[in-house]
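What follows is a short report on a single structure.
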Amino acid sequence: MEVMIISDTGVPDKHVSVDEWGGETMLRLEDGWCSAVDRDTFRCTIYENRPWICREFEMGSDECKDEFNVIR
Ligand code: SF4
């Protein structure tokens, strides 16, 4: 899932990808996972600074579980 950064919440630059039009998204690694995911705990390593879209995405919701199952 692409995570657009639509407001400044303080996401560290190393986790930001900028497209040719200046649009910002969370950087995804080669396997498609967000670069801010801790691979051991599956927790967000920038939780206090996560993008607004992540804040709106309800943890444990059906939508969340669907996305999690897609990447596993
Ligand atoms: S909650 Fe954190 S790890 Fe998950 S997509 Fe958002 S920034 Fe990435």
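The values are calculated or read from the model by the stated rules, or taken from the named source; none is laboratory data. Note that this is a predicted model, so its numbers are computed, not measured. In this analysis, Cβ positions are derived from the backbone assuming ideal geometry, glycine residues included, and neighbour counts consider all displayed protein chains. These area figures cover heavy atoms from the full protein model, side chains too; ligands, DNA and RNA do not enter into them. Shrake-Rupley method; radii C 1.70, N 1.55, O 1.52, S 1.80 Å.
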Item to complete: Please identify which residues in segment 9-40 have an amide N closer than 12 Å to a label point set 7 Å out from the Cα of MET59, following the Cα→Cβ vector.
Response: none
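Normalising by the residue count of the chain, find the relative contact order in percent from Cα pairs under 8 Å and 6+ residues apart. List each step's numbers first, then the result.
Details: 71 pairs, mean separation 23.2, N = 72.
Taking the mean separation of contacting Cα pairs over the length of the chain, I get 32 percent.
Expressed as a whole percentage, what fraction of the accessible surface of segment 13-71 belongs to carbon and sulfur atoms when a 1.4 Å probe is rolled over the protein heavy atoms?
Values: 2300 of 4690 Å².
Using a 1.4 Å probe with all protein chains present, segment 13-71 comes out at 49 percent carbon and sulfur.
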Worksheet item: Could you give me the ³J(HN,Hα) list for segment 55-65, computed from phi with Karplus coefficients 6.51, -1.76, 1.60 and θ = phi - 60°, whole Hz, x at Gly and Pro?
Response: 5, 7, 7, 6, 5, x, 6, 4, 4, 4, 5
Worksheet item: What number, rounded to the nearest 500 deg cm²/dmol, is the helix-based mean residue ellipticity at 222 nm of the chain, given -39500 (n - 2.57) per DSSP H run of at least four residues and division by all its residues?
Response: -5500 deg cm²/dmol
Worksheet item: Shape of segment 13-71 from its Cα gyration tensor (a ≥ b ≥ c, root eigenvalues): rounded if a/c is under 1.5, otherwise prolate when a/b > b/c, or oblate?
Response: prolate
Worksheet item: Hey, what do the phi angles of segment 21-38 turn into as Karplus ³J(HN,Hα) couplings, whole Hz, using 6.51/-1.76/1.60 and θ = phi - 60°, x for Gly and Pro?
Response: 9, x, x, 10, 9, 5, 5, 10, 7, 4, 8, x, 7, 4, 5, 8, 6, 7
